Amino acid sequence: MTINYIVQPGGKLTGRIRVPGDKSISHRSVMLGSLAQGTTRVTGLLEGEDVLCTLGAFRAMGVQAEGPSGGRLVIHGVGLRGLKPPHQALDMGNSGTAMRLMAGILAGQPFDSELIGDASLSRRPMGRVVDPLRAMDASIASAEGGRPPLRIKGGRQLRGIDYALPVASAQVKSCLLLAGLYAEGETAVTEPAPTRDHSERMLRGFGYRVQTQGARISLRGGGGLTACAIDVPADISSAAFFLVGAGIAPDSDLTLEHVGINPTRIGMLNILKLMGANIELLNAREVGGEPVADLRVRTAPLRGIRIPADQVPLAIDEFPALFIAAACANGETVLSGAHELRVKESDRIAVMAQGLKRLGIEARETPDGIVIRGGRLLGGEVDSHGDHRIAMAFAMAALRADGRVTVSDCKNVDTSFPGFANLATRAGLSIEVRSGR
Ligand code: S3P
């Protein structure tokens with residue numbers, strides 16, 4: 001079964017909406033809630049397929065949980081040593097976060113396990129977690145080129161390492177910190193650039209001591225996690241499509257409620273503002289250790305920019321949406337230092353360049369980025385290559401296109417943003433979901 005979006009050109013985005021819960025925080029709440037002592041109550045959980053894979057894995061290892069329903073999940077934690085051996089391979093679906101973070105947890109268990117994923121995930125590099133986990137004395141076998149599946153041997157006593165991350169990756173950092181819970185001594189990770197710090201924040205929320213000294217984050221094994229309540233903010237990475245949509249569609253005025261604005265996640269706000277976007281942060285507050293605000297965005301003329309290198313890791317998931325903003329901006333937008341985009345759910349540089357060209361926009365790939373010249377968006381057919389963020393980005397492009405935009409292979413939108421088409425319709429996008437074979 002395939003899902004295609006048929007999006008009529010024009011329209012504007014208005015009103016107030018709340019996009020679903022933050023994916024990164026939702027994964028972590030399921031993981032830490034499962035490994036804690038006591039009952040963790042989560043509200044605002046993202047009920048997307050990626051998070052459901054993580055939850056399914058813990059259920060397969062004996063964790064009892066009620067929900068999720070309406071964003072609520074109650075997890076009866078089993079403690080760090082309470083997981084049971086799963087009877088079959090744990091399927092992480094499309095989720096790189098699930099596979100990489102779970103690898104860290106599973107490396108410290110007394111039992112063997114196997115992590116598998118879908119075709120996209122099976123192409124993604126896992127050597128970045130497998131190599132440092134092996135340095136911690138974990139025993140992990142991967143397929144050729146460090147790809148999934150990962151076969152993890154249990155019963156190993158891990159030992160802490162002091163690791164300098166070769167790439168700025170929150171997934172690798174988090175994987176090692178989670179393995180560090182089971183390791184002897186101190187596990188430390190030094191980042192080449194700041195990455196999202198939800199793991200550190202949430203570990204502290206569960207009562208675990210985590211030290212951050214500049215770029216070095218460390219913890220000592222042997223402690224325990226204590227259950228707590230978690231209110232997951234709306235995902236800024238999902239809000240991104242609406243921020244761009246309302247920014248480019250004439251006469252738009254849209255407010256996105258309760259959005260997480262953690263400083264390690266707001267690269268796209270900074271980039272859009274440099275491009276001239278009109279975005280206001282209202283009612284800024286802190287919820288459960290994470291900063292949150294309502295974001296009001298109104299249409300504004302955008303200009304092309306050279307994207308500052310330090311913003312790249314802070315906007316890493318938002319580039320598909322940002323490329324649509326660049327296509328609607330005056331002049332050229334230049335991105336470099338973003339090689340990581342080539343190893344996401346798809347090669348986001350290649351797939352976005354291909355789609356933009358289909359819509360009449362000049363886009364030139366470089367090894368680690370792209371150059372996009374703003375222009376007139378035509379209607380046309382674009383293939384998302386099964387990448388959720390690319391599907392949603394091109395759906396928004398229709399707001400400024402001359403003709404209808406058809407986006408194919410959109411099923412994976414459910415991994416991060418179930419209900420996207422309905423919510424987009426409510427805000428003013430003329431989008432039809434067509435399923436076929
Ligand atoms: C994530 C980290 C980022 C991001 C991904 C979620 C996380 O990946 O792209 O969507 O939850 O830790 P990298 O760690 O590969 O940068």
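The values are calculated or read from the model by the stated rules, or taken from the named source; none is laboratory data. The structure displayed is predicted, hence computed values, not measured ones. Don't worry about glycine lacking a Cβ; one is built from the backbone with ideal geometry, like all the others, and counts go over all protein chains shown. Accessible surface areas use protein heavy atoms only, side chains included; no ligands, DNA or RNA. Shrake-Rupley method; radii C 1.70, N 1.55, O 1.52, S 1.80 Å.
Structure summary
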{"read-out": "Number of the exception - Arg124 against (1) within 16 Å of the ligand (Cβ to nearest atom); (2) over 18 Å from Ile316 (Cβ atoms)", "value": "(2)"}
{"read-out": "Selected residue (criterion: nearest to the chain's Cα centre (by Cα)) from residues of region 194-208 that are away from the ligand (no atom under 16 Å from the Cβ) and surrounded by fewer than 18 Cβ atoms within 10 Å (Cβ to Cβ)", "value": "Arg204"}
{"read-out": "Residues that are farther than 23 Å from Leu46 by Cα and open to solvent by less than 10 Å² (accessible area, probe 1.4 Å), drawn from region 209-225", "value": "Ile217, Ser218, Leu219"}
{"read-out": "Answer residue from region 226-278, given it is closer than 18 Å to Leu13 by Cα, outside any helix (DSSP H, G or I) and in contact with a helix residue (DSSP H, G or I) (Cβ under 6 Å, 6 or more places away or on another chain) and is most open to solvent (accessible area, probe 1.4 Å) among those", "value": "Ala277"}
{"read-out": "Unique residue being aliphatic (A, V, I, L, M), closer than 25 Å to Gly224 by Cα and in contact with a helix residue (DSSP H, G or I) (Cβ under 8 Å, 6 or more places away or on another chain) when the list is Leu121, Leu133, Leu150, Leu106", "value": "Leu133"}
{"read-out": "Unique match (being touching a Phe, Trp or Tyr at 6+ places or on another chain (Cβ under 8 Å) and surrounded by 22 or more Cβ atoms within 10 Å (Cβ to Cβ)) among Pro132, Pro85", "value": "Pro132"}
{"read-out": "Positions within region 330-345 being open to solvent by 30 Å² or more (accessible area, probe 1.4 Å) and under 16 Å from the mean Cα position of the chain (by Cα), in sequence order", "value": "Glu340, Arg342, Val343, Lys344"}
{"read-out": "Single unsatisfied condition, Ile261 versus (1) assigned by TED's automatic domain parsing to the domain that holds Ala193; (2) free of Cβ contacts under 8 Å to residues at least 60 places away in the same chain", "value": "(1)"}
{"read-out": "Residues located in region 287-303, provided they are over 19 Å from Thr255 (Cβ atoms) and surrounded by 21 or more Cβ atoms within 10 Å (Cβ to Cβ)", "value": "Glu290, Leu302"}
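This table checks each residue for (1) in contact with a Leu (Cβ under 9 Å, 6 or more places away or on another chain); (2) open to solvent by 20 Å² or more (accessible area, probe 1.4 Å).
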| site | (1), (2) |
| --- | --- |
| Glu362 | yes, yes |
| Asp368 | yes, yes |
| Val371 | yes, no |
| Gly386 | no, no |
| Arg389 | no, no |
| Ala398 | yes, no |
| Phe420 | no, no |
| Thr425 | no, yes |
| Arg434 | no, yes |
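Conditions tested, residue by residue: (1) of a type in the set (Ser, Thr, Tyr); (2) touching a residue at least 24 places away in the same chain (Cβ under 8 Å); (3) open to solvent by less than 20 Å² (accessible area, probe 1.4 Å).
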residue: Val78; (1), (2), (3): no, yes, no
residue: Asp91; (1), (2), (3): no, yes, no
residue: Ala98; (1), (2), (3): no, yes, yes
residue: Ser122; (1), (2), (3): yes, yes, no
residue: Met136; (1), (2), (3): no, yes, yes
residue: Arg156; (1), (2), (3): no, yes, no
